[in-house]
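So the structure is just underneath, and the comments pick up after that.
The values are calculated or read from the model by the stated rules, or taken from the named source; none is laboratory data. None of these values were measured; they are calculated from a predicted model. Cβ sites come from the backbone with ideal geometry, for glycine too, and all protein chains shown count toward neighbours. The accessibility values were calculated without ligands, DNA or RNA, using every heavy atom of the protein model including side chains. Shrake-Rupley method; radii C 1.70, N 1.55, O 1.52, S 1.80 Å.
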Amino acid sequence: MNDQTASIVLPAIALTIATAIALYSWRRSRMVAIVAVVWAIISLFTARIPFFQNLDRWTDGDIVGFIAFGTVLTIPIVLFFVALWRSSAFQHFMNETPTWVLTATQVYRLTGASFLLLYLRDLLPAEIGLVNGVLDIIVGLTALPVAWMLFRGIASSRNIAIAWNLLGVLDLASAFTVVTLSIFGLLELDPAPTRMGLYPLSLVSVYQVAIALCIHIYLLRRLLFADTGASRKSIA
């Protein structure tokens, strides 16, 4: 996948995700539907900020860009959990959304194949392009089977879903950790993972990654603290 193709495909995927969320939410919560679309549009603009200055190496001033990049990625995650804590309407919406539906959304993680393709073209280091590309594909491919198990109420589905969510968090956290270690010179990578903060790949970071982290953390909280004797409906 070259940059021109990615500039078309990745925004299209982001808008598809936002549209799917909005359509699902519209009759359940108009506010969630509107926020989903607005968040996607804002992400399309913020992703175009050149957080780093070079395509394959760190340069002076990238620390400032890294702080801005981390802030843009973190803000929607913080707002999600603040809303979950403070808004009874949002709490109700999330509580009424089945676990299997939230799990199924992560099929979009198949976009991680773009990382793998960039690695094969020597445009991303193996520590991100290969590792996170493969992990993203695994999470994306297994999202629907795990969702189906939850929907069917299969006995082992809860434990499998917990393990699946932990893998999803590990995938996302490892990528950010690699970028952090690299920019501070604690991990030598060639090329440096600067593309993670440059458009169009930055759109994956500031939009899809933020959504995925919110869903994984929320699901882990739901699954870990669910009553093991709960009904199929409350778990699924």
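Return yes or no: is VAL204 buried (at least 19 other Cβ atoms within 10 Å of the Cβ), under 18 Å from the mean Cα position of the chain (by Cα), at pLDDT 95 or above and closer than 26 Å to VAL32 by Cβ?
no
So, in the stretch 7-49, exactly how many residues are in contact with a Ser or Thr (Cβ under 6 Å, 6 or more places away or on another chain) and in a helix (DSSP H, G or I)?
Total satisfying the criteria: 3.
If ALA173 meets every condition in (1) open to solvent by 40 Å² or more (accessible area, probe 1.4 Å); (2) under 25 Å from SER43 (Cα atoms); (3) touching a helix residue (DSSP H, G or I) at 6+ places or on another chain (Cβ under 8 Å) apart from one, which number is that one?
Condition not satisfied by ALA173: (3).
For every residue, the table says whether it meets (1) aliphatic (A, V, I, L, M); (2) at pLDDT 95 or above; (3) farther than 19 Å from SER43 by Cβ; (4) open to solvent by 40 Å² or more (accessible area, probe 1.4 Å).
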| residue | (1), (2), (3), (4) |
| --- | --- |
| VAL178 | yes, yes, yes, no |
| GLY185 | no, no, yes, yes |
| PRO200 | no, no, no, no |
| LEU213 | yes, yes, no, no |
| TYR218 | no, yes, yes, no |
| LEU223 | yes, yes, yes, no |
| ASP227 | no, no, yes, yes |
| LYS233 | no, no, yes, yes |
| ALA236 | yes, no, yes, no |
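Suppose the filter is touching a residue at least 40 places away in the same chain (Cβ under 8 Å), more than 14 Å from the chain's Cα centre (by Cα) and either crowded, with 19+ Cβ neighbours inside 10 Å or over 16 Å from PRO76 (Cα atoms) (or both); does SER43 pass it?
It is false that SER43 is touching a residue at least 40 places away in the same chain (Cβ under 8 Å), more than 14 Å from the chain's Cα centre (by Cα) and either crowded, with 19+ Cβ neighbours inside 10 Å or over 16 Å from PRO76 (Cα atoms) (or both).
Pick from the stretch 31-40 the residues that are of a type in the set (Val, Ile, Thr) and open to solvent by 30 Å² or more (accessible area, probe 1.4 Å): which of them is farthest from LEU123 (Cα to Cα)? First the steps, then the outcome.
Taking the stretch 31-40 as the starting set, the residues that turn out to be of a type in the set (Val, Ile, Thr) are 32, 34-35, 37-38.
Checking the rest, the ones that are also open to solvent by 30 Å² or more (accessible area, probe 1.4 Å) come to 34-35, 37-38.
Working: ILE34: 36, VAL35: 34, VAL37: 31, VAL38: 31 Å.
Checking each candidate, the answer is ILE34.
Could you tell me whether any residue of the stretch 114-124 is more than 25 Å from TYR218 (Cα to Cα) and hydroxyl-bearing (Ser, Thr, Tyr)?
Yes - at least one qualifying residue is present in the stretch 114-124.
Kindly list the number of the only condition in (1) of a type outside the set (A, V, I, L, M); (2) in contact (Cβ under 8 Å) with a residue 24 or more places away in the chain; (3) under 19 Å from LEU10 (Cβ atoms) that fails for GLU127.
Of the numbered conditions (1) of a type outside the set (A, V, I, L, M); (2) in contact (Cβ under 8 Å) with a residue 24 or more places away in the chain; (3) under 19 Å from LEU10 (Cβ atoms), the odd one out for GLU127 is (3).
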